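Peer 1: Here it is, the structure in full.
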Amino acid sequence: MKNIRKIALYMMLGFAVLGGLFIAGESMSNPGGLRGIIFTAAWLFPMVVGCWLAWRRPRIAFPLLLIWSLGILGLLLWQAIAPDWWHTIINSNGPIISVAIFAVATPLAIFGYERRTRFVGLILVGMPILANLAAANTGDNGHAPIIRGGSSMASTLPAFIAGVLYLFASFADKREEPIDEK
C-alpha cells in the first residue's frame, strides 16, 4: 500500500507547487506590492518550514501540525458562529481559512507518508469537509457562496483526496499478510 501513499504524497506536492503559484500570483495582483508579499509570506514560510520539519524532524513537526490543525478548526468554528463578520473579512482579505488549510495540507501529507497515516488521513478528510460546511454559512443573504465556495472546494479537494487515500492505505496495511516471518 506504499504506492497509494506515494500517489497521495506526490499529488499533494504537485498541488502545493501549482496552487502555491496561483495563490502567490493572486496575492501579488490583488493587493499587490508589499501587502501581497506579506500575504504570500504569511502562508508560504510556515508551509515550507512545516514541510521541512515533517520530513526531517517529525517529533517536532507532529505537535506543531496538530496545533496548526486545531487552530484552523477554531477558525472554522468561529466562521460558523459569526458568518456575517467572516463574510466581511473574506471580502476584504480573501479566503484566509482555505489558504491556511492549503498551507497545512502539504506538511501533513509529508508527515503522514510514513507516520500516523490514519490520523493524518482523518485530519486531511475532516478539514475540507468542515471548511465547506462553514463556507456555506458565509454567503450573501443566506445563499451559499458560489465563487468563494468553489475556491474553497478547489483549494481543499486535493487534501480531501489525499486524506481518503491515506485512510485507505492505513486500513489496507493492517490486512496485508507478512511476507517473511522468519
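What follows is calculated from the coordinates using simple rules that are stated; it is not laboratory data. Here the structure is a predicted model, which is why all the values come from computation and not from measurement. Don't worry about glycine lacking a Cβ; one is built from the backbone with ideal geometry, like all the others, and counts go over all protein chains shown.
Peer 1: Can you bin segment 1-51 into rounded, prolate or oblate? Criterion: square roots of the alpha carbon gyration tensor eigenvalues sorted a ≥ b ≥ c, rounded for a/c under 1.5, prolate for a/b above b/c, oblate for the rest. If you can, show how the numbers build up before the last one.
Peer 2: Numbers: a/c = 6.52, a/b = 2.44, b/c = 2.68.
Cα axes put segment 1-51 in the oblate bin.
Peer 1: Follow-up. What ³J(HN,Hα) values, in whole Hz, does the Karplus curve 6.51 cos²θ - 1.76 cosθ + 1.60 give for segment 92-106 when θ = phi - 60°, with x put for Gly and Pro?
Peer 2: Here the 3J(HN,Hα) series is 8, 10, x, x, 4, 5, 4, 5, 5, 5, 4, 6, 8, 5, 5 Hz.
Peer 1: Follow-up. Taking the 0 to 90 degree range and rounding to the nearest ten, how far is the long axis of helix 58-81 tilted relative to the main principal axis of the chain, both from C-alpha atoms?
Peer 2: Roughly 40 degrees, rounded to the nearest 10.
Peer 1: Something else: What size of dipole, in debye to the nearest 20, comes out for the chain about its Cα centre when the only charges are +1 on Lys and Arg C-beta atoms and -1 on Asp and Glu C-beta atoms?
Peer 2: On the way: 14 positive and 9 negative charges, 103 e Å.
It comes to approximately 500 debye.
Peer 1: 222 nm [θ] for the chain, helices only, -39500 (n - 2.57) per DSSP H run of 4+, per residue, to 500?
Peer 2: Values: 7 runs with 154 residues, N = 182.
About -29500 deg cm²/dmol.
Peer 1: Which of TRP68, TRP78 has the fewest other C-beta atoms within 10 Å, and how do the rest follow up to the most? List each step's numbers first, then the result.
Peer 2: Values: TRP68 19, TRP78 14.
Neighbour counts put them in this order, fewest first: TRP78, TRP68.
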